[in-house]
1. Restricting the first residue to the stretch 70-81 and requiring it to be among the hydrophobic types (A, V, I, L, M, F, W, C), which pairs with a second residue that is exposed (fewer than 15 other Cβ atoms within 10 Å of the Cβ) and part of a strand (DSSP E or B) meet a Cβ separation below 6 Å and a spacing of at least six or different chains?
2. Let me spell it out: the conditions are (1) surrounded by 13 or more Cβ atoms within 10 Å (Cβ to Cβ); (2) touching a residue at least 40 places away in the same chain (Cβ under 8 Å); (3) closer than 22 Å to residue 54 by Cβ; (4) of a type in the set (Ser, Thr, Tyr), and residue 87 meets all of them except one. Which number is the exception?
3. What do you reckon, is residue 64 touching a helix residue (DSSP H, G or I) at 6+ places or on another chain (Cβ under 9 Å) and aromatic (Phe, Trp, Tyr)?
4. Yes or no: the stretch 122-140 includes at least one residue that is in a loop (DSSP other than H, G, I, E, B) and under 28 Å from residue 22 (Cβ atoms).
5. For the stretch 110-169, how many residues are of a type in the set (A, V, I, L, M, F, W, C) and in contact with an Asp or Glu (Cβ under 9 Å, 6 or more places away or on another chain)?
6. Report whether or not residue 87 is of a type outside the set (Lys, Arg) and part of a strand (DSSP E or B).
7. Tell me yes or no: at least one residue of the stretch 103-116 is part of a strand (DSSP E or B), at pLDDT 95 or above, aliphatic (A, V, I, L, M) and within 27 Å of residue 163 (Cα to Cα).
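The values are calculated or read from the model by the stated rules, or taken from the named source; none is laboratory data. As the structure is a computational prediction, the values presented were derived from the model and not from experiment. Every residue, glycine among them, receives a Cβ derived from its backbone with ideal geometry; neighbour counts consider all protein chains shown.
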Amino acid sequence: MTVSELMAGHTPKPDYAGLATADDYVLAVDFSGKAASVDAYLVAIDGMTSHAATLEGTTSDKAYLHRGATSSKTGTKRTFALAGDRYIGDAFQEALLAHEMKFGKGADVVRPYVYFCLLTGKGEQGKVTIQVGDDTGGNADESATISATFTSFGEPTAYTYAASAPAIE
């Protein structure tokens, strides 16, 4: 499913106030690296059970005269821990589990992404390094599982959903 297909049934309200669930957040990736707009990015949806989004601040520690030890925040790294059940035929999973993603290195596994709230349309966009961790796990008589880690490559920028928003370069 693409972002445009998902958003056909949603109208974000930037001033929304209230509770949000994990289902209210969209993680979408341009696996081709050539999408003309965010609308063409593939959404992590079918079979996916979790897209845990974490932030990890990085710091620089120094000691200053008469002040002592001080930590300065120097950046933030975004990580998505994606997990779910294998859904054969889902465009996102097929792209994620392609040979070049599972065994690729360096720039070959860096892709543009967007992450935003369906309720408000607000989020971020940037690039992630993709590392597939599990492509067919599980026990007998259970769904086959998949997992991957997406780690920010550089610093993401603020993003607000708009139909036909240009892709990042």
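1. Sorted first by the residue in the stretch 70-81, then by its partner, the pairs are 81/52.
2. It is condition (3) that residue 87 fails.
3. Spelling it out, it is not the case that residue 64 is touching a helix residue (DSSP H, G or I) at 6+ places or on another chain (Cβ under 9 Å) and aromatic (Phe, Trp, Tyr).
4. The answer is yes; a qualifying residue exists.
5. So the count comes out to 13.
6. Spelling it out, it is not the case that residue 87 is of a type outside the set (Lys, Arg) and part of a strand (DSSP E or B).
7. Yes, that holds for at least one residue.
Yes/no per residue for (1) polar (S, T, N, Q); (2) surrounded by fewer than 17 Cβ atoms within 10 Å (Cβ to Cβ); (3) over 23 Å from residue 121 (Cα atoms):
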site: 19; (1), (2), (3): no, yes, no
site: 36; (1), (2), (3): no, yes, no
site: 44; (1), (2), (3): no, no, no
site: 59; (1), (2), (3): yes, yes, yes
site: 71; (1), (2), (3): yes, yes, yes
site: 75; (1), (2), (3): no, yes, yes
site: 80; (1), (2), (3): no, no, no
site: 93; (1), (2), (3): yes, no, yes
site: 98; (1), (2), (3): no, yes, yes
